[in-house]
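Here's the structure we're looking at; comments come further down.
The values are calculated or read from the model by the stated rules, or taken from the named source; none is laboratory data. Remember, predicted model here, so these are calculated numbers, not experimental data. Glycine also receives a Cβ, built like all others from the backbone with ideal geometry; neighbour counts cover every protein chain displayed. For accessibility, only protein heavy atoms count, side chains too; no ligands or nucleic acids. Shrake-Rupley method; radii C 1.70, N 1.55, O 1.52, S 1.80 Å.
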Amino acid sequence: RSKSLDELIEHRASFLTDYQDSAYANRYRALVAKVRNAEAGIVKGHSELARAVARYYFKLLAYKDEYEVARLYTSGEFANKLQSQFEGDYRIEFHLAPPILAKSDPATGEPKKRRYGPWVLKIFRLFAKMRRLRGTALDVFGFSEERKRERRLIEEYEATIAALLESLNVHNHGLAVDIASIPEHIRGFGPIKRRAMECAKEREREMLAEFESRSASPEAA
């Protein structure tokens, strides 16, 4: 079902509260509200930009890291799905490439996954409880280059949206929506996601240059 903008915002804010905490969810609400108010005052009757930010700012905030994987596996939903699909005596295994422990594949240079038994669920429960440390000085996973890139993307997106709002007008509104939707193209994990990030940032640079041109001379756009 297609959600209204209010429903979309509250649904994703609720997710972010579970993902991290209420402060993290309020950070999300604050930026979306700022965009929504600015858009309503400049482009009457439109909310495409606010909806794009509601979707893609959320996507960047809710990146799937070690804490989130642990939370998803131990929230109860995973166990319920197993019980509904399997009966009798069965054993689960996890194929993981944990930071520090994972060795690189000599052919691809990418981390190699190893098999782990059900005992890792105990570790997952511990990590899930530690999720509020995400992004702090006590974040045990936050020092990796991959996690730094994730946090940098969030900060860069916030700065980009702020810059768009400063020059937003009826002539560049559609392009602003496209720029706010750039995270749609950032997918995958590890090296695959890194390459997608690089391509998306290049595309963003091109679109921002066009946005600045339209902002400077809207009559020519």
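Sort out which residues of segment 136-158 are outside any helix (DSSP H, G or I) and either in contact with a His (Cβ under 7 Å, 6 or more places away or on another chain) or farther than 18 Å from residue 190 by Cα (or both), and write them in order of number. Even if it seems obvious, please write down each step before you answer.
At the first step, the residues of segment 136-158 found to be outside any helix (DSSP H, G or I) are 136-144.
Listed by number, the residues that qualify are 136, 137, 138, 139.
Which of the residues spanning segment 1-29 are open to solvent by less than 60 Å² (accessible area, probe 1.4 Å) and either among the aromatic types (Phe, Trp, Tyr) or out of contact with any helix residue (DSSP H, G or I) (no Cβ under 9 Å at 6 or more places or on another chain) (or both)?
Selection gives 4, 19, 24, 28.
Scan 36, 12, 51, 55 and give me the residue that is touching a Phe, Trp or Tyr at 6+ places or on another chain (Cβ under 8 Å) and among the basic types (Lys, Arg).
Details: 36 fails: touching a Phe, Trp or Tyr at 6+ places or on another chain (Cβ under 8 Å); 51 fails: touching a Phe, Trp or Tyr at 6+ places or on another chain (Cβ under 8 Å); 55 fails: touching a Phe, Trp or Tyr at 6+ places or on another chain (Cβ under 8 Å).
Testing whether each residue is touching a Phe, Trp or Tyr at 6+ places or on another chain (Cβ under 8 Å) and among the basic types (Lys, Arg) leaves just 12.
Being crowded, with 18+ Cβ neighbours inside 10 Å, touching a residue at least 24 places away in the same chain (Cβ under 8 Å) and under 20 Å from residue 187 (Cα atoms) is the requirement here; does residue 49 meet it? If you could, list the steps in order and put the result at the bottom.
Numbers: crowded, with 18+ Cβ neighbours inside 10 Å: yes; touching a residue at least 24 places away in the same chain (Cβ under 8 Å): yes; under 20 Å from residue 187 (Cα atoms): no.
The answer is no for residue 49.
What are the pairs, 6+ residues apart or on separate chains, where a residue within segment 1-27 that is assigned to a helix (DSSP H, G or I) has its Cβ under 7 Å from a residue that is among the hydroxyl-bearing types (Ser, Thr, Tyr)?
5/47; 12/28; 13/28; 16/24; 16/28; 25/17
Working only within segment 163-201, note down all residues that are loosely packed, with under 13 Cβ neighbours inside 10 Å and farther than 30 Å from residue 104 by Cα.
166, 170
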